Structures are given as C-alpha cells and as structure tokens.
Amino acid sequence: MIETKGYAAQSVAEELTPWTFERREVGPHDVQFDILFCGVCHSDLHQIKNDWFPGIFPMVPGHEIVGRVIKVGDHVKKFKVGDLAGTGCMVDSCQECENCKKDLEQYCLEGSTQTYNGLERDGKTPTYGGYSNTIVVREEFVLHVSEKLNLAAVAPLLCAGITTYSPLRHWKVGKGHKLAVLGLGGLGHMAVKFGVAFGADVTVLSTSPKKEEDARKLGAHNFVVTTDEAQVKAAMGTFDFILDTVSAEHDFNMYLSLLRTDGTLICVGVPPKPAEIAAFSLLGGRKSIGGSGIGGIAETQEMLDFCAENDIVSDIEMIDMKDIQTAYDRMEKGDVRYRFVIDMATL
Ligand SMILES: [Zn+2]
Ligand SMILES: [Zn+2]
C-alpha cells in the first residue's frame, strides 16, 4: 500500500486535521500522480457536514485535483511519468451500462464512484480525495492537462469548469443566444467565461450590485440586480437560457418570467430544499427547466483542451493547507473570488 498524507474530517462537521492513510498500489491500469494543487469546492463543505447524505468518515475532501504523474501501470497507454494529470469528481464507473457507453459516466446507471466520500467498485473500500499528497486513479478517469496554463488555476476546471461547460454545450448555447448566469460564484464565474467564449450575449443576474464590475471584467455584457424591481421588469421575457448556479433557496417562478418563449432554465446549483414551481410559469411561453451534473470524461477532456486553446482558467486565491478552515468560513459568506485552491506543497 502507498502511505499518503492528507487532511481529513474524522467525523461529521469536525474541523479538518492532518491524517495519514493508505492508497492502493498502482495496478496495471492505474496512474499515480503527486498532487500539486487542489480546488476547494462548496460541495466539500456540504459533504463534511452531511448536508446531502450521511458521509463516510474519516473524509478527505477534494475533487479538483491536478499534479504530475510519478508512476504508471504496465498496461497504461495514455500517460507516462512526468506528464501533468488531473482528476475531477469521479474516479470510476461500471464502464458497461448504456450511459457509460455514451461517454456519460457521470450518469452511470450503477452509480459512478465519487473521488471522495464514495466506495470503490468493490463496494467497501472508501475513496479519499485531493486534500492529500498523492492519488492512484484508473487510467480512464485521469485527464490530460496542458503545460500552457497556470496549473493552480486549472484545478477548479475539474468541477466548476465542467459543471458549467457541459450544459452550455448540451443546450448548444452560443451566437445569437441571450444567456443569463444566475449567481456569480465559483460556478457562475466559469459560466460567464464559457458563455462569452461560445459567442452568447451574457448577462449576470445577482442580488449584489457590488459584483457588476467583476462581472464585466470576466466578460459579461450586461448585469441585472435582481433585487431592483425596475431592472427585473426590464429583463422580463428576454433570455433564451438561464444557467442557475445558486445553491441557496430562490424563487424559480420569478426567474422563469425572465425567459423568452421556449426558453430554458438549467439548474446546476443545489439548493437544500425542493423548489415550488407554478405550472403557469412554464406553460405561459412553453418554457422548460432542466438540470445537468458535471460531465463525462471525454467531455471533461474536451473542456480542458478548449481552455488550453482559448486561454481560459479559473480566477483563484491560493491558500496553505493549514488555512482550510478560514477558507471554508469565507466561502460560506461568499467571500472568495472565485475559487480557493490549496497549494499542496504546504501540506
Ligand atoms: Zn465540486
Ligand atoms: Zn455505467
């Protein structure tokens, strides 16, 4: 086994502390890479707190992982020692179901294996995430990362990036479309960058007027303060798509009223409680609500390649591993522009 250093929550809602654990030896189809940077996703905090479902503890969070390959199995073809590598929210799936065969491993009918707070395919070995010094992942779930980009700023692409790229591609958002991005956080700031890169006319919808300057710097063409009645009224019936990145409770009916006829609201945020949606909000204008979860491995590679070609990365604040709790506190207040990334050299 490979002795691994990391930071873990020993039980639910506990602060993270240093912890040593074991990862499996590199198998014939595995890639081992040393972790250089790991992004801090809001879902790390949700999972430590059991917000969504009972977690597996000790828990080593982190699913925005980049680093350099130090060992490959005998049958590995796509990677060699010294390559940059990345891993996102999943490390395995059944590889055989209808969805896996369509490159939609994130929707594996048997359930994909989450990078942490999950169980390997054996159904009993816990997975541990990227707040650690090294990781072993089967080759199919390791991504190539370009040497051209700032590596630390690439890390958040593995979750925040693909979570926003995939729905924009699926719904073919681009030239001639008016896209509204609801919420300007880790997901929202990536959605703005991709929406602009795909040629859409991008508006940021936010409760905070203070974010307008940032939104425009990120490339947004317009900004609507959603607590300002006059601005909301002027925006009614104007958008083809709303990409909803908000994880707090909000009024879907109000946002649906901002869509044009045949418009679609796409959920990628995860509010804690189910929303109330009036049928009239949908049938008056033949509107739709959809949802999307991360992206498949092939599409994640496509996204990383697109980012390398178009010089797109996340806007980040680098932190030391020991400061993770402060980062969580600030993240809960929305005080981060726009993603914390842990420098794993500080582990
Ligand atoms: Zn995430
Ligand atoms: Zn499957």
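Just checking, which of V66, V12 is in a loop (DSSP other than H, G, I, E, B), of a type in the set (V, I, T) and not assigned by the TED database to the domain that holds G185?
Details: V66 fails: in a loop (DSSP other than H, G, I, E, B).
From the options V66, V12, the qualifying one is V12.
Residue by residue through the stretch 42-93, note down the ones that are in contact with an Asp or Glu (Cβ under 6 Å, 6 or more places away or on another chain) and either within 14 Å of ligand 1 (Cβ to nearest atom) or over 24 Å from V26 (Cα atoms) (or both).
Listed by number, the list holds a single entry, P61.
Name, by its number, the condition in (1) modelled with pLDDT of 95 or more; (2) open to solvent by 50 Å² or more (accessible area, probe 1.4 Å); (3) closer than 18 Å to T164 by Cβ that does not hold for R339.
Exception for R339: condition (2).
Please identify the pairs in which a residue from the stretch 324-342 that is closer than 12 Å to G188 by Cα has its Cβ atom under 6 Å from the Cβ atom of a residue that is in a strand (DSSP E or B), counting only partners at least 6 apart or on another chain.
R339/G39; R339/I316
Identify, by number, the condition in (1) without any contact (Cβ under 8 Å) to a residue 12 or more places away in the chain; (2) within 15 Å of ligand 1 (Cβ to nearest atom) that S112 doesn't meet.
Among (1) without any contact (Cβ under 8 Å) to a residue 12 or more places away in the chain; (2) within 15 Å of ligand 1 (Cβ to nearest atom), S112 violates only (1).
Looking at this structure, is D251 surrounded by 16 or more Cβ atoms within 10 Å (Cβ to Cβ) and either out of contact with any Cys (no Cβ under 9 Å at 6 or more places or on another chain) or within 26 Å of E309 (Cα to Cα) (or both)?
Numbers: surrounded by 16 or more Cβ atoms within 10 Å (Cβ to Cβ): no; either out of contact with any Cys (no Cβ under 9 Å at 6 or more places or on another chain) or within 26 Å of E309 (Cα to Cα) (or both): yes.
No, not satisfied.
Yes or no: G285 open to solvent by less than 30 Å² (accessible area, probe 1.4 Å), outside the structural domain of D103 (by the TED database), on the phi > 0 side of the Ramachandran plot and more than 16 Å from ligand 1 (Cβ to nearest atom)?
For G285, the condition - open to solvent by less than 30 Å² (accessible area, probe 1.4 Å), outside the structural domain of D103 (by the TED database), on the phi > 0 side of the Ramachandran plot and more than 16 Å from ligand 1 (Cβ to nearest atom) - is met.
Given the conditions (1) part of a helix (DSSP H, G or I); (2) in contact with a helix residue (DSSP H, G or I) (Cβ under 7 Å, 6 or more places away or on another chain); (3) charged (D, E, K, R), and given that K193 satisfies all but one, which numbered condition is not satisfied?
With (1) part of a helix (DSSP H, G or I); (2) in contact with a helix residue (DSSP H, G or I) (Cβ under 7 Å, 6 or more places away or on another chain); (3) charged (D, E, K, R) applied to K193, the lone miss is (2).
Please tell me if H75 is out of contact with any helix residue (DSSP H, G or I) (no Cβ under 9 Å at 6 or more places or on another chain) and either open to solvent by less than 70 Å² (accessible area, probe 1.4 Å) or assigned to a loop (DSSP other than H, G, I, E, B) (or both).
On the way: out of contact with any helix residue (DSSP H, G or I) (no Cβ under 9 Å at 6 or more places or on another chain): no; either open to solvent by less than 70 Å² (accessible area, probe 1.4 Å) or assigned to a loop (DSSP other than H, G, I, E, B) (or both): yes.
So H75 fails the test.
Would you confirm whether any residue within the stretch 72-90 is within 16 Å of the chain's Cα centre (by Cα), within 23 Å of A160 (Cβ to Cβ) and within 16 Å of ligand 2 (Cβ to nearest atom)? Let's see the steps before the verdict.
Step one: of the stretch 72-90, the residues within 16 Å of the chain's Cα centre (by Cα) are 86-90.
This time we only want the ones that are within 23 Å of A160 (Cβ to Cβ), so: 86-90.
When the remaining residues are screened for being within 16 Å of ligand 2 (Cβ to nearest atom), the result is 89-90.
Looking through the stretch 72-90, at least one residue is within 16 Å of the chain's Cα centre (by Cα), within 23 Å of A160 (Cβ to Cβ) and within 16 Å of ligand 2 (Cβ to nearest atom).
Quick check on my filter: what residues within the stretch 198-224 are surrounded by 19 or more Cβ atoms within 10 Å (Cβ to Cβ) and either part of a helix (DSSP H, G or I) or of a type in the set (D, E, K, R) (or both)?
Listed by number, the residues that qualify are K211, D214, A215.
Would you please list the contacts, defined by Cβ atoms under 9 Å and residues six or more apart or on different chains, that run from a residue in the stretch 205-227 that is in contact (Cβ under 8 Å) with a residue 60 or more places away in the chain and under 15 Å from L187 (Cα atoms) to a residue that is among the aliphatic types (A, V, I, L, M) and surrounded by 15 or more Cβ atoms within 10 Å (Cβ to Cβ)?
From residues that are in contact (Cβ under 8 Å) with a residue 60 or more places away in the chain and under 15 Å from L187 (Cα atoms), the pairs are D214/L184; D214/V204; D214/A220; L218/L184; L218/V192; L218/V196; L218/V202; L218/V204.
Cβ-Cβ under 9 Å, sequence separation 6+ or interchain: first residue in the stretch 94-109 and within 16 Å of D122 (Cα to Cα) and near ligand 2 (Cβ under 8 Å from one of its atoms), partner part of a helix (DSSP H, G or I) and modelled with pLDDT under 95. Which pairs?
none
Going by the structure shown, is I289 at pLDDT 95 or above, over 13 Å from M236 (Cβ atoms) and in a strand (DSSP E or B)?
Here the answer is yes, as I289 does meet what is asked.
So M318 passes all but one of these: (1) at pLDDT 95 or above; (2) farther than 28 Å from H144 by Cβ; (3) open to solvent by 60 Å² or more (accessible area, probe 1.4 Å); (4) assigned by the TED database to the domain that holds S146. Which condition number does it fail?
(2) is the only condition that M318 fails.
Hey, any hits in the stretch 47-54 for a residue that's assigned to a helix (DSSP H, G or I) and in the same structural domain as K124 (by the TED database)?
yes
Could you look through the stretch 123-176, keep only residues that are within 16 Å of ligand 2 (Cβ to nearest atom) and open to solvent by 10 Å² or more (accessible area, probe 1.4 Å), and pick out the one that is farthest from D343 (Cα to Cα)? Show your work before the answer.
Kept after step one, since they are within 16 Å of ligand 2 (Cβ to nearest atom), are these residues of the stretch 123-176: 123, 138, 140-141.
Among the residues that remain, those that are also open to solvent by 10 Å² or more (accessible area, probe 1.4 Å) are: 123, 138, 140.
On the way: G123: 32, R138: 24, E140: 26 Å.
Result: G123.
All but one of (1) part of a loop (DSSP other than H, G, I, E, B); (2) in contact with a Gly (Cβ under 8 Å, 6 or more places away or on another chain) hold for E249; which doesn't?
Condition not satisfied by E249: (2).
The values are calculated or read from the model by the stated rules, or taken from the named source; none is laboratory data. This one's a predicted model, so the numbers in the text were calculated from it and none came from an experiment. Glycine gets a Cβ as well: all are built from the backbone with ideal geometry, and neighbour counts include every protein chain shown. Each accessible area value is taken on the protein alone, full model and side chains, heavy atoms only, with ligands, DNA and RNA left out. Shrake-Rupley method; radii C 1.70, N 1.55, O 1.52, S 1.80 Å.
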